[in-house]
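Rule-based calculations on the coordinates, nothing more; no lab input. The structure displayed is predicted, hence computed values, not measured ones. Cβ atoms come from the backbone with ideal geometry, glycine included; neighbour counts cover every protein chain shown.
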Amino acid sequence: MLIGGGVTGLISGMLGISGPLSSAVFLSLNLAPVAYIASKATASAAMHIVKAVTYNKFGLMNWDIFLNGLFIGCAMMAGNFVAMRLIRHAHKKVYPSIVAGVMIAVSIWLFVSI
């Protein structure tokens with residue numbers, strides 16, 4: 001877990017993307033769907049707070065960037081509240097396949113759209 005978190009944080013800090021990698025790390029823990037989402041959200045929130053403080057310290061973030069991130073984060077939280085009602089009924093053994101399928105579909109979409 002420590003290695004997975006460190007690698008995920010490094011990639012996120014360097015590239016700004018770590019979603020698929022952190023998803024794989026958390027899926028390997030065999031958590032229930034709600035616990036998976038809660039754990040991933042907590043780790044992401046902590047990581048983004050550290051990134052915001054660091055980028056601000058080095059002058060890489062201005063007020064407009066902060067507000068955009070804040071508004072996007074609020075919209076994502078609203079989406080998570082809606083999704084929480086859906087995943088409470090998800091089967092623990094099927095859920096990792098759904099997450100993997102969505103990650104594969106998004107990866108294919110990214111390759112095709114570039």
Handout entry: Highest average packing first - 94-105, 77-88, 26-37, Cβ atoms within 10 Å
Key = 26-37, 94-105, 77-88
Problem - Under the Karplus curve 6.51 cos²θ - 1.76 cosθ + 1.60, θ = phi - 60°, whole-Hz ³J(HN,Hα) for the range 107-114, x wherever Gly or Pro sits - result: 4, 4, 4, 5, 5, 6, 7, 7
Exercise for the section: Hand me the tally of lysine pairs in the chain: alpha carbons under 27 angstrom apart, and the pair either on different chains or 8 or more positions apart. Expected result: 4
Exercise for the section: Rounded, prolate or oblate: pick one for the range 2-113, where a ≥ b ≥ c are the square roots of the eigenvalues of its C-alpha gyration tensor, a/c under 1.5 means rounded, and failing that, prolate if a/b is larger than b/c, else oblate. Expected result: prolate
Exercise for the section: Averaging sequence separations of C-alpha pairs under 8 Å and six or more residues apart, then dividing by the length of the chain, give the relative contact order as a whole percent. Expected result: 27 percent
Exercise for the section: Please work out the FRET efficiency for the pair PHE66 and ILE11, using the Cβ-Cβ distance as r and a Förster radius of 25 Å; give the result to the nearest 0.05. Expected result: 0.65
Problem - LEU31 long-range amide H proximity, modeled H, under 5 Å - result: none
Practice task
Using the Karplus curve 6.51 cos²θ - 1.76 cosθ + 1.60 with θ = phi - 60°, work out ³J(HN,Hα) for each residue of the range 87-95 in order, rounded to whole Hz, and write x for Gly and Pro.
Solution key: 7, 4, 9, 6, 7, 4, 7, 8, 4
Completion exercise
Rounded to the nearest 0.05, FRET efficiency between MET103 and VAL34 (Cβ-Cβ, R0 25 Å) equals 0.85
Problem - Simple label model, 7 Å out from Cα along Cβ direction - LYS92 to ILE49, nm - result: 2.9 nm
Fill in the blank from the handout: Once phi for every residue in the range 25-31 is put through the Karplus expression 6.51 cos²θ - 1.76 cosθ + 1.60 (θ = phi - 60°), the whole-Hz ³J(HN,Hα) values, with Gly and Pro written as x, are 4, 6, 5, 5, 7, 6, 7
Practice task
Find how many whole Å separate the alpha carbon centroid of the range 53-114 from the alpha carbon centroid of the range 1-37.
Solution key: 12 Å
Practice task
Would you kindly state how much longer the chain becomes between MET1 and ASN56 on full extension, computed as 0.36 nm times their sequence separation minus their alpha carbon distance, in nm to one decimal?
Solution key: 17.0 nm
